[in-house]
1. Restrict the check to the range 28-38 and report whether at least one residue is in a loop (DSSP other than H, G, I, E, B), out of contact with any strand residue (DSSP E or B) (no Cβ under 6 Å at 6 or more places or on another chain), modelled with pLDDT under 95 and not hydrophobic (A, V, I, L, M, F, W, C).
2. Looking at L36, L51, which one is of a type outside the set (V, I, T) and either in contact with a Leu (Cβ under 9 Å, 6 or more places away or on another chain) or surrounded by 15 or more Cβ atoms within 10 Å (Cβ to Cβ) (or both)?
3. Scan the range 54-71 for residues that are open to solvent by 60 Å² or more (accessible area, probe 1.4 Å) and within 15 Å of R30 (Cβ to Cβ) and jot them down.
4. Which one of these is of a type outside the set (F, W, Y), at pLDDT 90 or above and in contact with a helix residue (DSSP H, G or I) (Cβ under 8 Å, 6 or more places away or on another chain): P72, P13?
5. Please specify each residue of the range 1-15 satisfying the condition of being surrounded by fewer than 12 Cβ atoms within 10 Å (Cβ to Cβ) and either under 23 Å from T76 (Cβ atoms) or among the β-branched types (V, I, T) (or both).
6. Can you list residue pairs whose Cβ atoms sit under 6 Å apart, with the first residue in the range 35-63 being under 18 Å from F81 (Cβ atoms) and the second being acidic (D, E)? Count only pairs 6 or more apart in sequence or on different chains.
7. Within the range 29-69, how many residues turn out to be out of contact with any helix residue (DSSP H, G or I) (no Cβ under 7 Å at 6 or more places or on another chain) and under 18 Å from D10 (Cβ atoms)?
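The values are calculated or read from the model by the stated rules, or taken from the named source; none is laboratory data. Computed from a predicted model, the values in this text were never measured in an experiment. Neighbour counts run over all protein chains shown; Cβ positions are idealised from the backbone, glycine included. Quick note on the areas: whole protein, heavy atoms, side chains included, nothing else; ligands and nucleic acids left out. Shrake-Rupley method; radii C 1.70, N 1.55, O 1.52, S 1.80 Å.
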Amino acid sequence: PAPTAQVIYDETPIHVYMNQIHDKVRVERRVELQALFEPGQHKSALVGMFLATLELTRHHGLLAQQSGSDGPMWLTPGPDFRDELEIAEIEN
């Protein structure tokens, strides 16, 4: 018999991941991108965290910076970063 696969869907709204990342950057002021991804984290959660990072950099003032082509990527508050993330502004 063929092996069976179990498909797991992560139905976590993107704004949940955005809040987690936003809060971490707001408190720590500088977060390594890699630190957002935990060992054993489900692939769909990894995708959610990555998409949330992109959304925060695109519309909510988060900066992603890297020194050199092989250095770590750092997330920091940019000039347009606000301490409060307006959930109503987030498109789900």
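1. To start, the set of residues in the range 28-38 that are in a loop (DSSP other than H, G, I, E, B) comprises 29-30, 37-38.
Narrowing further to those that are out of contact with any strand residue (DSSP E or B) (no Cβ under 6 Å at 6 or more places or on another chain): 29, 37-38.
Of the ones still in play, those that are also modelled with pLDDT under 95 are 37-38.
From what is left, the residues that are not hydrophobic (A, V, I, L, M, F, W, C) are 38.
Yes, that holds for at least one residue.
2. So the residue among L36, L51 that is of a type outside the set (V, I, T) and either in contact with a Leu (Cβ under 9 Å, 6 or more places away or on another chain) or surrounded by 15 or more Cβ atoms within 10 Å (Cβ to Cβ) (or both) is L36.
3. Quick first cut of the range 54-71, residues open to solvent by 60 Å² or more (accessible area, probe 1.4 Å) only: 54, 58-59, 63, 65-67, 69-70.
If the condition is that a residue be open to solvent by 60 Å² or more (accessible area, probe 1.4 Å) and within 15 Å of R30 (Cβ to Cβ), then L63, Q65, Q66, S67 are the ones that fit.
4. Values: P13 fails: in contact with a helix residue (DSSP H, G or I) (Cβ under 8 Å, 6 or more places away or on another chain).
None of the others qualify; the one that does is P72.
5. Result: T4, V7, I8.
6. Short answer, once both residue conditions are applied: G61/D80.
7. Selection size over the range 29-69: 12.
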